[in-house]
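Heads up: the structure comes next, in structure tokens.
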Amino acid sequence: LVLVAQNDTGSLKEELDGFIDIRYFDGGTAYVDVLAVRRQSMRQGIGRRLLRNAAVMATRAGMTSLTLRTYRSIAFNGPFYASEGFATFTPPSEAHWAAEVLTAERRARLPRSEDRVFMRLPLEFAG
């Protein structure tokens, strides 16, 4: 599932302000692969709206949680997600979706894997 935020300026050149890419896994887990907002469009609530809309759509699709990984050392990430109801957690060892996420991170050679933390939003409380 990919949702986009686009600035409708009325001109022929509309610009993408942000997007969120969500993967659905068996067992009811939705995972935020990417949430990105263009620097010029930050601090306007775009990321928050994308995240909330993704949570609503995941709930409608039968997902029970929305999860993500973020860098603990980036000062605004954790507090932003926490303000939306996310909390850090450790997925159970049998969570195949988490193993897939970690494998994808290794393949992509994301830096500082030890600095990344899982966060989870129970969707029964999202809305």
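Restricting attention to region 43-67, which residues are within 18 Å of Pro122 (Cβ to Cβ) and not in a helix (DSSP H, G or I)? Matches in region 43-67: Ala61, Gly62, Met63, Thr64, Ser65, Leu66, Thr67. Tell me yes or no: at least one residue of region 106-125 is assigned to a helix (DSSP H, G or I), modelled with pLDDT of 85 or more and in contact with a Leu (Cβ under 9 Å, 6 or more places away or on another chain). Yes - at least one qualifying residue is present in region 106-125. None of Gly47, Gly62 is buried (at least 16 other Cβ atoms within 10 Å of the Cβ) and either in contact (Cβ under 8 Å) with a residue 24 or more places away in the chain or over 15 Å from Phe25 (Cα atoms) (or both) except Gly47. In region 75-94, of all residues being of a type in the set (S, T, N, Q) and surrounded by 13 or more Cβ atoms within 10 Å (Cβ to Cβ), the one that is farthest from the chain's Cα centre (by Cα) corresponds to Thr88. Restricting attention to region 87-101, does a residue exist that is over 14 Å from Phe118 (Cβ atoms), modelled with pLDDT of 90 or more, among the aromatic types (Phe, Trp, Tyr) and part of a helix (DSSP H, G or I)? No: region 87-101 contains no residue that is over 14 Å from Phe118 (Cβ atoms), modelled with pLDDT of 90 or more, among the aromatic types (Phe, Trp, Tyr) and part of a helix (DSSP H, G or I).
Every condition in (1) in contact with a helix residue (DSSP H, G or I) (Cβ under 8 Å, 6 or more places away or on another chain); (2) part of a helix (DSSP H, G or I) holds for Gln40 except the one numbered (1).
The values are calculated or read from the model by the stated rules, or taken from the named source; none is laboratory data. Note that this is a predicted model, so its numbers are computed, not measured. Cβ: placed from backbone, ideal geometry, glycine included. Neighbour counts: every protein chain shown.
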